[in-house]
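Colleague: First the structure, which I've put down as structure tokens, then a few questions once you've had a look.
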Amino acid sequence: MAFPKIKHVRAFVVRGGGADYHDQGDGHWIDDHIATPMSRYPEYRQSRQSFGINVLGTLVVEIEAADGTIGFAVTTGGEPAAYVVEKHLSRFLEGRDPSEVEKIWDQMYFSTQYYGRKGLVVNAISGVDLALYDLLGKLRQEPVYALLGGKVRDELTFYATGARPDLAKQMGFIGGKMPLHHGPAEGEEGLRKNIEELATMRERCGEDFWLMFDCWMALDLNYAVKLAHKAHEYGLKWIEEALSPDDYWGYRDLKKKAPAGMLVTTGEHEATRWGFRMLLEMECCDIIQPDVGWCGGVTELIKIANLADSKGVMMIPHGSSVYSYHFVITRHNSPFAEFLMMAPKADEVVPMFHPQLIGEPVPVNGKLKLSDAPGFGVELNREVGLHRPYAR
Ligand SMILES: [Mg+2]
């Protein structure tokens, strides 16, 4: 099958929610005294926006083929990622055959390795890789899940992340993951408040509903072990991203010291097959949670997921809407998916990347059947104010 060559790569920046889901207005649960590594500083404790969590904004990558077909994707990384895409990565795509995904990925990664490897540069690579998969799906007239080997189940099943697991239960989700509100700097009183919040939700949700804590890298090993054991009394299903993503040794010890039956999960801020190999070989966790928009895109997630599968570890991607749904539906070791509750009070289901995608599907009763529209099955909302800072 001959494909039209890639004609042009464009990178845009968008503000206001969407893929940079921390970029919300005042009064949103996602910015209400959530424990972070910055919580040790009282002046940065109440709001994550106060230390700049939303400083980057969304990156939109568009790849146009010679026949006018456009693939696109959204992720985080904003203006600096747009610079990397336009000034550096575009050379590995323009004039090339869009089906050369492995070669293009390899060239993007190794050409930036001296300043990349993780973080922002791999976000940019992920955005390009996802846009390339969207383009390939549109050129082949196939959904991305078909390019990845096809569905292994009819529909996706979701747990909800947000401040109101009790409401998530009523909306049909299988579990609710709450942000941890108090970090080690808030001492025994903070720890007691964390446990009280869990106890309240257990009371409201009943015995069988999954409840989890997302600790967003905020804890130290001692605090995490203490929290896990106290939370075990209330049936906490998993403790997520308790420690710094660089502290592989801490995760290894946390997994050994966590109560039997409680899962240790992490990997949201990890990247590439090499980063996840560390987590898997050091036996750091029971579930890895790569974000397909941050870990290297679909091309890299295939390798990460295969490593996890060979170790008997579940791979439940972090958020990322349609970009992870098309992957999860093709994998036996991804039996359910995450849904981020982006309504400010977490009291209704709204599209995760609103308002950037047109046709973004949402779960109904905690379930979702994916459409067979080509690519990732969504279109870019051009009304959101696309800014192209490094136009060529
Ligand atoms: Mg998380």
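Colleague: Tell me, yes or no, whether the stretch 38-53 has at least one residue that is assigned to a loop (DSSP other than H, G, I, E, B) and within 21 Å of residue 118 (Cα to Cα). Spell out how you get there, then give the answer.
Modeller: First, the residues of the stretch 38-53 that are assigned to a loop (DSSP other than H, G, I, E, B): 41, 45-48, 52-53.
Filter once more, so that each one left must be within 21 Å of residue 118 (Cα to Cα): 52-53.
Yes, that holds for at least one residue.
Colleague: I would also like to ask the following. Surrounded by fewer than 21 Cβ atoms within 10 Å (Cβ to Cβ) and among the hydrophobic types (A, V, I, L, M, F, W, C): does that describe residue 74? Spell out the reasoning first.
Modeller: Working: surrounded by fewer than 21 Cβ atoms within 10 Å (Cβ to Cβ): no; among the hydrophobic types (A, V, I, L, M, F, W, C): yes.
So residue 74 does not fit the description; no.
Colleague: Go over the candidates 218, 199, 231, 185 one by one and state the one that is of a type in the set (A, V, I, L, M) and either at pLDDT below 95 or over 23 Å from residue 340 (Cα atoms) (or both).
Modeller: Values: 218 fails: either at pLDDT below 95 or over 23 Å from residue 340 (Cα atoms) (or both); 199 fails: either at pLDDT below 95 or over 23 Å from residue 340 (Cα atoms) (or both); 231 fails: either at pLDDT below 95 or over 23 Å from residue 340 (Cα atoms) (or both).
Exactly one residue qualifies, and that residue is 185.
Okay, residues lined up against (1) of a type in the set (A, V, I, L, M, F, W, C); (2) touching a His at 6+ places or on another chain (Cβ under 6 Å); (3) loosely packed, with under 15 Cβ neighbours inside 10 Å; (4) in contact (Cβ under 8 Å) with a residue 40 or more places away in the chain:
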site	(1), (2), (3), (4)
302	yes, no, no, yes
325	no, no, no, yes
331	no, no, no, yes
342	yes, no, no, yes
353	yes, no, no, yes
365	no, no, yes, yes
374	no, no, no, yes
391	yes, no, yes, yes
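Colleague: Here's something else I'd like to know. Within the stretch 13-24, is there a residue that is among the β-branched types (Val, Ile, Thr) and part of a strand (DSSP E or B)?
Modeller: The first filter runs over the stretch 13-24 and keeps only residues among the β-branched types (Val, Ile, Thr), leaving 13-14.
Filter once more, keeping what is part of a strand (DSSP E or B): 13-14.
Yes; the residues of the stretch 13-24 include at least one that is among the β-branched types (Val, Ile, Thr) and part of a strand (DSSP E or B).
Colleague: Let me ask something else about it. Grab the strands (runs of 3 or more DSSP E) fully contained in the stretch 175-259, keeping just those with 3 or more residues being in contact with a Gly (Cβ under 9 Å, 6 or more places away or on another chain).
Modeller: 175-179, 210-214
Colleague: Find the residue count for the stretch 39-60, including only residues that are crowded, with 19+ Cβ neighbours inside 10 Å, more than 19 Å from the chain's Cα centre (by Cα) and not polar (S, T, N, Q).
Modeller: Number satisfying all stated conditions: 1.
Colleague: Separate question: Residue by residue through the stretch 281-334, note down the ones that are of a type outside the set (Gly, Ala, Ser) and at positive phi.
Modeller: Across the stretch 281-334, the qualifying residue is only 283.
Colleague: Among residues belonging to the stretch 259-274 that are crowded, with 24+ Cβ neighbours inside 10 Å and not β-branched (Val, Ile, Thr), point out the one that is nearest to the ligand (Cβ to nearest atom).
Modeller: Looking at the filtered set, the residue picked out is 267.
Colleague: Right, something else. Only residues that are touching a residue at least 12 places away in the same chain (Cβ under 8 Å), among the charged types (D, E, K, R) and more than 16 Å from the ligand (Cβ to nearest atom): list them for the stretch 192-222, please.
Modeller: Scanning the stretch 192-222 gives 193, 197, 202, 204, 207, 220.
Colleague: Name the residues in the stretch 275-300 that are without any contact (Cβ under 8 Å) to a residue 60 or more places away in the chain, crowded, with 24+ Cβ neighbours inside 10 Å, among the aliphatic types (A, V, I, L, M) and away from the ligand (no atom under 13 Å from the Cβ), would you?
Modeller: Residue satisfying the conditions is 279 alone.
Colleague: Turning to a different aspect of this structure: Test residue 126 against the criterion of being within 17 Å of residue 323 (Cβ to Cβ) and not assigned by TED's automatic domain parsing to the domain that holds residue 268, and give yes or no.
Modeller: Here the answer is yes, as residue 126 does meet what is asked.
Colleague: Which residues, counting only those in the stretch 148-176, are away from the ligand (no atom under 16 Å from the Cβ), in contact with a helix residue (DSSP H, G or I) (Cβ under 6 Å, 6 or more places away or on another chain) and free of Cβ contacts under 8 Å to residues at least 40 places away in the same chain?
Modeller: 166
Colleague: Now a separate question. Scanning the stretch 315-346 for residues that are farther than 20 Å from residue 172 by Cα and more than 15 Å from the ligand (Cβ to nearest atom), which turns out nearest to the chain's Cα centre (by Cα)?
Modeller: Result: 323.
Colleague: Please work out if residue 129 is within 21 Å of residue 77 (Cα to Cα), part of a helix (DSSP H, G or I), touching a helix residue (DSSP H, G or I) at 6+ places or on another chain (Cβ under 6 Å) and away from the ligand (no atom under 16 Å from the Cβ). Before you say what the answer is, go through the steps one by one.
Modeller: Numbers: within 21 Å of residue 77 (Cα to Cα): yes; part of a helix (DSSP H, G or I): yes; touching a helix residue (DSSP H, G or I) at 6+ places or on another chain (Cβ under 6 Å): yes; away from the ligand (no atom under 16 Å from the Cβ): yes.
Spelling it out, residue 129 is indeed within 21 Å of residue 77 (Cα to Cα), part of a helix (DSSP H, G or I), touching a helix residue (DSSP H, G or I) at 6+ places or on another chain (Cβ under 6 Å) and away from the ligand (no atom under 16 Å from the Cβ).
The values are calculated or read from the model by the stated rules, or taken from the named source; none is laboratory data. Just so it is clear, the model here is predicted, and its values are computed rather than measured. Ideal geometry is used to build each Cβ from the backbone, glycine not excepted, and the neighbour counts take in all protein chains shown.
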